[in-house]
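Let me begin by presenting the structure, written as structure tokens, before commenting on it.
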Amino acid sequence: MSAGHPNPYIRDIAAKDIGSAIAVAGHPIHAMLVHFPIAFVIATLGIDVFYWWSGDPFWLEVGKWSAGAGFGFGLLAAVVGTLELLAVPGIRVRVASWNHAVAAMVLLAVSGCNAGLRLYWPETVLPNGLMLSVLASLATAFAGWHGGKLVFDHGVGLLISPRQ
Ligand code: HEM
């Protein structure tokens, strides 16, 4: 629809390639990786609630690994996402891609703080870690929502692209 848009700038954007460059057989690697930070960040919130409820230090240890994995996989997903953003003209030119990248950076900053807090100040997990987990989960939902918009609203990374 945007290809026949009366505004020439919109037509110009619609004409640019939005196929994934960092992909296995056309399947975007970023989309394969993002499930891990999303799952670990939200699991950390659940683990913190278990710790709050039970007081069992087992959950403190589990939370340390879960928050670390959320941050680590988030970094990995962000590196691949950034390569995609820089490599593909139709992704780079869309404001929605940069909105998603900014939301993802907020998520990484919060989940990095959360992981660091558990490593260096585990005694402050209640309440500070729990609050960071709530914030990280909200940031994950926001970043994930914007990532989904890139795929489902803009058609980024779909196998049916202007290249085919
Ligand atoms: C600076 C960092 C990031 C950039 C530049 C970026 C960029 C992108 C791009 C270009 C897409 C479209 C699909 C593709 O071509 O691969 C996308 C999709 C997506 N991104 Fe990111 N991303 C970043 C970090 C993250 C992080 C940390 C998360 C974790 C919450 C995330 C969650 C998603 C989701 C859920 C999708 C939709 C995937 C699908 O529905 O299949 N992104 N991102």
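Any read-out appearing in this document is the output of simple, stated calculations on the displayed coordinates, not a laboratory observation. Quick caveat: nothing in here was measured; it's all calculated off a predicted structure. When we count neighbours, we look across all protein chains shown, and the Cβ atoms used for this are built from the backbone with ideal geometry, even at glycine.
Couple of notes before you dig in:
- Footprinting exposure proxy ranking of 92, 118, fewest other C-beta atoms within 10 angstrom first, gives 92, 118.
- Of the DSSP H helices in the chain, those whose Cα atoms cover at least 27 Å axially and whose Kyte score averages 1.0 or more: 35-54, 57-87, 95-120, 130-152
- Working from label points 7 Å from Cα in the Cα-to-Cβ sense, the residue 109 to residue 93 distance is 3.0 nm.
- Listed by Cβ neighbour count within 10 Å, with the fewest neighbours leading, 9, 51 appear as 9, 51.
- Efficiency of FRET between residue 61 and residue 7 - r from beta-carbon atoms, R0 41 angstrom, step 0.05: 0.15
- Taking other C-beta atoms within 10 Å as the exposure proxy, 27, 154 rank 27, 154 from fewest upward.
- Kirkwood-based shape ratio for segment 30-152, expressed as Rg/Rh from alpha carbons: 1.04
- Of 159, 74, 137, farthest towards positive along the dipole that unit charges on Lys, Arg, Asp, Glu beta carbons give the chain: 159
- Computed over segment 105-164, the ratio Rg/Rh where both radii use C-alpha atoms and Rh is Kirkwood: 1.26
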